[in-house]
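The values are calculated or read from the model by the stated rules, or taken from the named source; none is laboratory data. As the structure is a computational prediction, the values presented were derived from the model and not from experiment. With ideal geometry, Cβ positions are generated from the backbone for all residues, glycine too; neighbour counts draw on all protein chains shown. Side chains included, ligands, DNA and RNA excluded: accessible areas come from the protein's heavy atoms. Shrake-Rupley method; radii C 1.70, N 1.55, O 1.52, S 1.80 Å.
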Amino acid sequence: MASERGAEPVPGDGAAARDGAAAENRAAAENALGYWRAGRARDHAEFELFFRRCPFGGAFALAAGLRDCLRFLRTFCLRDADVQFLASVLPPDTDPAFFEHLRTLDCSGVTLRALPEGSLAFPGVPLLQVSGPLLLVQLLETPLLCLVSYASLVATNAARLRLIAGPNKRLMEFGLRRAQGPDGGLTASTYSYLGGFDSSSNTLAGQLRGVPVAGTLAHSFITSFLGSEVPPDPMLAPAIGTGPRVDLTTSVKVWLERVCAHLGLGMQEPHPGERAAFVAYALAFPRAFQGLLDSYSVQRSGLPNFLGVALALGELGYRAVGVRLDSGDLLQQAQEIRAVFRTTATRFQVPWLEFIPITVSNNIDEEELARLAQEGTEVNAFGIGTSLVTCPRQPSLGCVYKLVSVGGQPRMKLTEEPEKQTLPGSKAAFRLLDSAGFLLLDVLQLAEEPPPQAEKELKVWPLGARDPCTVKPARVEPLLRRWLHKGQLCEPLPSLAESRAFAQWSLNRLSPAHKQLQSPAPYQVALSEQLRALVDRLSARGAP
């Protein structure tokens, strides 16, 4: 099953982004054959995609992946090769007319309602509502789950890290090398940005998705130099004006002598290969020079070599953009480096040196980030990879895709596990807010019910509660918007940057009790009286 590349400029590429999302399991193909044999292939049906528990022990999730879902749906079709393969795995006596039906499938009859990308999402509230011909919308189950679940999980993970870091620290996604394959890496880079990260080291995410790209110097670049290398052209012109070009290598040596004297080091202590690497990098990127300080010794080599090059560049009007640490006690080293920056700035009358940003990396997780981002720390930016893109605390959001109506009639799954019981019928969802603008609760109701009204009391049944409660919202907001109607986009999609801003705005409306990452207050989702009555009625008679 494949989705052909379409003309619509929705970002995304790669084999899995184009074809792998359409991969379906055999059970879906067998269900499709069953519907067709029963004469029900074209029955109108509606499914909902949602999750049952918030990830990472928190009280919220961010909805993501909608853009990829829309791209998939708008270009969905079955190629001859796909149909031939399905024929090879289904019973050999399958009616050929079934495969001819599969060749006609597209999403021209599909309607999609969804939370806008970057919305706060809570258990039981649909992220997607998909309606259309029963056989087709059943086939869409696995692709849509694949496209939404991980995107929402990594966006939520990124949002949690942003909450820990605070609004002013820079967060850089460094996870491509640790991601589960290139397409997983592209998804992680895209949706970590939506969740609040500032940039990615993944240039493909910049090219295809518009994610700001940023990287740092590599250890291998530094250790590849011995110190005997001679730059083909060591001359560098001033940043502004038309002054004479300067031999940067010579200027760095002069400055390094002065730095070593200031720091009480011998000239032989800073590693010559590291200095040669810094000079080579500075010649290539004089306006973006940065230093990776821990290839050898931070205090005796990396820091003095960096200062020698930074001060030589400063003499020509350039400003180094930062340093990075990737090992050891990052917090302590950052404090020590900032202290050296301050004394060196005073010693050589270069005030800008004191404020050079310090970036840290090295398997940073939530606990380490909280330590590094504490008040008064000297760390300005964080490069986070493995703990962001692999979501080790919870590698799956656990989204499900459940049938809620067929032919306009509600459908409900009853089960031995109450948690797995589904909510029947085509539904609308609303978010109730208090007078301060904070979220009170989400309400699910039948689509035909009138919406809740601001400043009017509303009786609702919280999920998991035995008794109803009454709320009086100051504001009411509808949650689900129609994005696709019979295969056509209903409104322009926001850009990734706009969805990122919307996610941060949404989080700002969540109360501190719900936003805290450890033991948060659960956010309440409730049912209207009519929906609760329908659930009780279908449960009592064993559902239709």
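Things worth noting here:
- Here the range 439-459 is the region considered, the condition is being open to solvent by less than 70 Å² (accessible area, probe 1.4 Å) and in a loop (DSSP other than H, G, I, E, B), and the residue that is nearest to SER405 (Cα to Cα) is ALA447.
- For the range 42-57, the set of residues classified as assigned to a strand (DSSP E or B) and more than 17 Å from LEU135 (Cα to Cα) consists of PHE50 only.
- For the range 219-230, the candidate set comprises residues that are at pLDDT 95 or above and of a type in the set (A, V, I, L, M); within that set, the residue that is nearest to PHE382 (Cα to Cα) is ILE222.
- Here the helices (runs of 4 or more DSSP H) wholly within the range 58-111 that include at least 2 residues being polar (S, T, N, Q) are 80-89.
- Tally of residues being surrounded by 12 or more Cβ atoms within 10 Å (Cβ to Cβ), in contact (Cβ under 8 Å) with a residue 60 or more places away in the chain and among the β-branched types (Val, Ile, Thr) across the range 233-266: 3
- Only one of the listed residues (GLY118, GLY195, GLY184, GLY215) is modelled with pLDDT under 95 and closer than 23 Å to PHE51 by Cβ. That residue is GLY184.
- Lone qualifier among LEU446, LEU463, LEU480, LEU441 - being within 29 Å of CYS69 (Cα to Cα) and within 24 Å of the chain's Cα centre (by Cα): LEU480
- Search result, residues across the range 339-363 that are among the aliphatic types (A, V, I, L, M), in contact (Cβ under 8 Å) with a residue 24 or more places away in the chain and within 24 Å of SER327 (Cα to Cα): VAL340, LEU353, ILE356, ILE358, VAL360
- Residue list for the range 391-404, filter: on the phi < 0 side of the Ramachandran plot and either out of contact with any Lys or Arg (no Cβ under 6 Å at 6 or more places or on another chain) or open to solvent by less than 20 Å² (accessible area, probe 1.4 Å) (or both): PRO392, ARG393, GLN394, PRO395, SER396, LEU397, CYS399, VAL400, TYR401, LYS402, VAL404
- PRO133 passes every criterion in (1) under 25 Å from LEU507 (Cβ atoms); (2) touching a Gly at 6+ places or on another chain (Cβ under 9 Å); (3) open to solvent by 10 Å² or more (accessible area, probe 1.4 Å); (4) in contact (Cβ under 8 Å) with a residue 24 or more places away in the chain apart from (1).
- Residue satisfying condition, being exposed (fewer than 15 other Cβ atoms within 10 Å of the Cβ), out of contact with any helix residue (DSSP H, G or I) (no Cβ under 8 Å at 6 or more places or on another chain) and part of a strand (DSSP E or B), within set ARG537, ARG466, ARG482: ARG482
- Search result, residues across the range 488-512 that are in contact (Cβ under 8 Å) with a residue 12 or more places away in the chain, farther than 24 Å from VAL211 by Cα and either among the aliphatic types (A, V, I, L, M) or assigned to a helix (DSSP H, G or I) (or both): LEU510
- None of PHE60, PHE85 is among the aromatic types (Phe, Trp, Tyr) and touching a Ser or Thr at 6+ places or on another chain (Cβ under 8 Å) except PHE60.
- Of residues in the range 203-217 being touching a strand residue (DSSP E or B) at 6+ places or on another chain (Cβ under 7 Å) and not in a helix (DSSP H, G or I), the one farthest from GLY166 (Cα to Cα): LEU217
- Number of residues in the range 503-534 that are open to solvent by 70 Å² or more (accessible area, probe 1.4 Å) and out of contact with any strand residue (DSSP E or B) (no Cβ under 9 Å at 6 or more places or on another chain): the value is 7.
- Output for the range 81-129, where each listed residue is open to solvent by 40 Å² or more (accessible area, probe 1.4 Å) and among the polar types (S, T, N, Q): GLN84, SER88, THR104, SER108
- Condition met for VAL476 (assigned to a strand (DSSP E or B), in contact with a Gly (Cβ under 6 Å, 6 or more places away or on another chain), assigned by TED's automatic domain parsing to the domain that holds LEU120 and surrounded by 14 or more Cβ atoms within 10 Å (Cβ to Cβ)): no
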